[in-house]
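Throughout, read-outs are computed from the coordinates displayed, never taken from laboratory work. If you're wondering where the values come from, they're calculated on a predicted model, not measured in any experiment. Cβ: placed from backbone, ideal geometry, glycine included. Neighbour counts: every protein chain shown.
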Amino acid sequence: MTGADDGRVRTARDGAVLTVTLDRPERLNAQTPATWRALTAVGDSLDDDVRVVVVRGAGASFSAGLDRSLFSTDPATPGGLGELAALPVEETQERIRGYQSAFRWLRAPGIVSVAAVQGHAIGAGAQLALACDLRVLAEDAALRLPEATLGLVPDLTGTSTLVELVGYARALELCVTGRAVGGEEALRIGLATRLVPADGLDGAVAELVAALSAPPVGAARETVALVRSAVRNDPATQDAAERAAQTRRLRDLAGSR
């Protein structure tokens, strides 16, 4: 399907795997509010049979970030920075909250999300890759968060996920300097799950998806939930979560005999 309002987001379903493709290759998959509405609609439409979501960009790049038209300071430009700035404070924040929903669903309960990244992943593109649980990078990939250098901040869920992945100090340096992180560095510091030759990206993603889909669905989903909660829980709370999850698994296994 295609996202509403020409968001240019395609989806394809293969059993328990949903592939979501940004489909503006002529604009390096630059994103607009329509893109985010389309992505949110995909998240809202997920059914319980989906186990893995793959996010990718058509063409040479994953996503070069915001469409250039959005940088207009003219309040008459729909979705532009000028329009956002002219809104009442509460409305501006609510608008951004809606944009963030296009990214947050990628860590929804029940799914594992995988970003297949080639070429540029800049700004909103980098944050879309960061929103996923796992990232497979082609050797030509480069991630960059240049918002601060443009007088802005990363506001599409990128700061929390970046700190989770690389820690406070590295996240601060990357966000404030806006420098690019190539594939080898991304793998070394934990931004990339795997780094592969550009012509091996599809095969590597397919291999990872097959491995993620192999465990029994109940065990996989409980495990994903535990790993995600470990980021924010103190040890005692996480120990309790493990006990509760294992109790559910034991009862499920006993009941299935």
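The angle separating the long axis of helix 168-177 from the principal Cα axis of greatest extent in the chain is about 20 degrees. In order along segment 203-215, the phi-based Karplus estimate (6.51 cos²θ - 1.76 cosθ + 1.60, θ = phi - 60°) of 3J(HN,Hα) comes to x, 5, 5, 4, 5, 5, 4, 4, 5, 5, 8, 6, x Hz; Gly and Pro are listed as x. Hey, what angle do you get for helix 217-230 against the long axis of the chain, alpha-carbon based, 0 to 90 degrees rounded to 10? For helix 217-230, the angle is close to 60 degrees. If every alpha-carbon in the chain counts as one equal scatterer, what log10 I(q)/I(0) does Debye give at q = 0.09 1/Å? The Cα Debye sum returns log10 ratios of -0.42. Taking the Cα of Ala198, stepping 7 Å toward and past its beta carbon, and measuring to each backbone N in segment 107-122: which are under 15 Å? Output list for this probe position: 117-121. Taking the Cα centre of segment 144-218 as reference, the dipole from Cβ charges on Lys and Arg (+1) and Asp and Glu (-1) amounts to some 160 debye. Think of each Lys and Arg Cβ as +1 and each Asp and Glu Cβ as -1; about the Cα centre, that makes the dipole of the chain roughly 580 debye.
Karplus-based coupling profile of segment 112-127, in residue order and whole Hz: 10, 10, 10, 9, 9, 10, 10, x, 6, 9, 10, x, 4, x, 5, 5, with θ = phi - 60° in 6.51 cos²θ - 1.76 cosθ + 1.60 and x standing for Gly or Pro.
Residues whose amide H falls under 5 Å from that of Arg135, counting only those 5 or more places apart or on a different chain, are Ala115, Thr193, Arg194, with hydrogens built in the peptide plane. Within the chain, what percent of beta bridges assigned by DSSP are antiparallel, to the nearest 5? Of all bridge pairs located within the chain, approximately 30 percent are antiparallel.
Which of Leu106, Leu84, Leu22 moves the most in a Gaussian network model of the chain with Cα springs under 10 Å? With Cα springs under 10 Å in the chain, the top fluctuation among Leu106, Leu84, Leu22 is at Leu84.
Residues whose amide H comes within less than 5 Å of that of Val54, counting only those at least five positions distant or on another chain, are Leu18, Thr19, Val20, Val114 (H built at 1.01 Å from N in the peptide plane). Couplings 3J(HN,Hα) of segment 18-31, computed from phi: 10, 9, 10, 10, 6, 10, 10, x, 5, 10, 6, 6, 4, 9 Hz, in residue order, whole Hz [Karplus 6.51 cos²θ - 1.76 cosθ + 1.60, θ = phi - 60°; x for Gly and Pro]. Springs between Cα atoms under 10 Å define the GNM used for the chain, and in it the highest mean-square fluctuation of Asp155, Asp133, Asp74 occurs at Asp74.
Site pair Val227 and Asp49 shows an inter-label distance of 2.5 nm when each label is modelled 7 Å from Cα along Cα→Cβ.
The Cβ shell under 15 Å around Thr92 holds other residues with a net charge of -3, Lys and Arg each +1, Asp and Glu each -1.
What the Cβ-Cβ distance of Arg188 and Arg249 gives, at R0 = 22 Å and to the nearest 0.05, is a FRET efficiency of 0.05. Considering every alpha-carbon pair of segment 129-235, the percent of pairs per 5 Å bin, from zero through the bin containing the longest distance, is 2, 11, 18, 21, 17, 16, 10, 4, 1, 0. Between the helical axis of 235-255 and the dominant principal axis of the chain, each derived from Cα atoms, what acute angle in degrees is found, rounded to the nearest 10? Computed tilt is about 60 degrees.
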